[in-house]
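Asks: Questions regarding the structure given below will be posed in turn.
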């Protein structure tokens with residue numbers, strides 16, 4: 001079983017959310033603002049540019065305030081990158097500078113979580129934002145974006161996971177430093193007589209002077225980390241993975257209504273759980289469809305009403321792969337008659353069926 005921390009947290013918090021998000025591939029059409037800013041900043045740092053027009057796929061004159069903010073935040077990072085790296089590569093024990101040998105962004109790593117209930121271990125995957133290889137060993141850096149100064153100890157569980165992953169993948173290379181670069185969001189607003197370009201310059205200036213510590217580096221000394229806490233945390237993670245495996249094996253995808261309407265806001269799938277009328281307009285779903293206008297295969301489409309039925313029934317014809325399998329196994333003639341497919345599925349959509357027929361016939 002392959003799990004990331006986000007998948008593991010999701011399935012244990014609300015199994016139906018896991019099913020809709022990771023099995024069905026359903027997602028809200030409008031990305032949350034905080035997620036959009038954080039993802040954009042990570043992309044800019046990874047691609048070594050503060051020009052985010054490619055990421056947003058928009059000209060700057062069409063940017064929202066949050067998109068301008070993301071550009072200013074990335075600008076601030078690059079403005080202070082050298083001084084940040086001077087701190088990161090300083091060895092406080094010897095008073096010397098670590099020699100940087102390699103700098104890698106977005107490193108995908110897999111570790112083996114032992115199982116107490118299954119014969120096979122669990123593959124646990126994670127992505128490290130920045131990994132520096134020095135002459136003394138690894139320096140592990142995570143990027144954060146926040147509104148306020150973070151409570152640094154709240155990130156210890158994430159630090160423990162990174163240590164586990166690196167020790168699993170590279171057991172012979174020591175971890176000499178662990179830190180977080182936090183980029184805070186400025187609260188300044190656009191003036192009435194100020195255009196976007198002027199507003200962006202003013203935001204960038206806030207990050208240039210950095211009087212409010214918008215760009216900040218925090219270090220977790222490796223010697224201060226309690227090895228027993230790390231071991232106990234990973235053991236607990238193994239138990240969590242075992243529980244998740246049991247849920248998946250039995251397809252026990254129930255709705256946790258408490259989590260859907262929790263103290264931190266409503267779930268992205270609240271409208272599906274509570275049967276909001278016309279909820280399908282709010283969502284997209286991963287699917288394989290040939291667009292008749294462009295002749296290009298698309299891997300995502302707008303949801304239709306039957307997609308909302310997946311929380312009540314697994315017998316929904318809402319995926320091209322299900323259609324193709326049904327046609328091939330039952331040697332069906334290709335014609336968009338939903339009555340034929342209702343012998344095999346409880347829910348069939350005629351317009352969707354026509355798209356599947358079109359896609360299938362063209363691929364044949």
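Asks: Pick out the one residue from 181, 188, 173 that is outside any helix (DSSP H, G or I), surrounded by 19 or more Cβ atoms within 10 Å (Cβ to Cβ), in contact with a helix residue (DSSP H, G or I) (Cβ under 9 Å, 6 or more places away or on another chain) and at negative phi.
Replies: The unique qualifying residue is 181.
Asks: If you don't mind, another one. Kindly indicate the residue of the range 119-152 that is under 30 Å from residue 246 (Cα atoms) and buried (at least 17 other Cβ atoms within 10 Å of the Cβ) and also nearest to the chain's Cα centre (by Cα) among those meeting that condition.
Replies: 126
Asks: Please tell me if residue 223 is in a helix (DSSP H, G or I), over 21 Å from residue 46 (Cβ atoms), out of contact with any helix residue (DSSP H, G or I) (no Cβ under 8 Å at 6 or more places or on another chain) and free of Cβ contacts under 8 Å to residues at least 12 places away in the same chain.
Replies: yes
Asks: Quick one: residue 164 ticks every box in (1) touching a helix residue (DSSP H, G or I) at 6+ places or on another chain (Cβ under 9 Å); (2) touching a residue at least 24 places away in the same chain (Cβ under 8 Å); (3) under 24 Å from residue 43 (Cα atoms) except a single one, so which number is it?
Replies: Only one criterion is unmet by residue 164, namely (3).
Asks: If a residue has to be modelled with pLDDT under 95 and within 14 Å of residue 130 (Cα to Cα) to count, how many in the range 159-175 make the cut?
Replies: Counting residues in the range 159-175 that are modelled with pLDDT under 95 and within 14 Å of residue 130 (Cα to Cα) gives 0.
Asks: Which of the residues spanning the range 259-294 are under 18 Å from residue 12 (Cβ atoms) and assigned to a loop (DSSP other than H, G, I, E, B)?
Replies: Matches in the range 259-294: 263, 264, 267, 268, 269.
Asks: Taking the condition outside the structural domain of residue 186 (by TED's automatic domain parsing), surrounded by 15 or more Cβ atoms within 10 Å (Cβ to Cβ), over 23 Å from the mean Cα position of the chain (by Cα) and not in a loop (DSSP other than H, G, I, E, B), does residue 230 pass?
Replies: yes
The values are calculated or read from the model by the stated rules, or taken from the named source; none is laboratory data. As the structure is a computational prediction, the values presented were derived from the model and not from experiment. Heads up, the Cβs are rebuilt from the backbone with ideal geometry, glycines too, and the neighbour counts pull from every protein chain shown.
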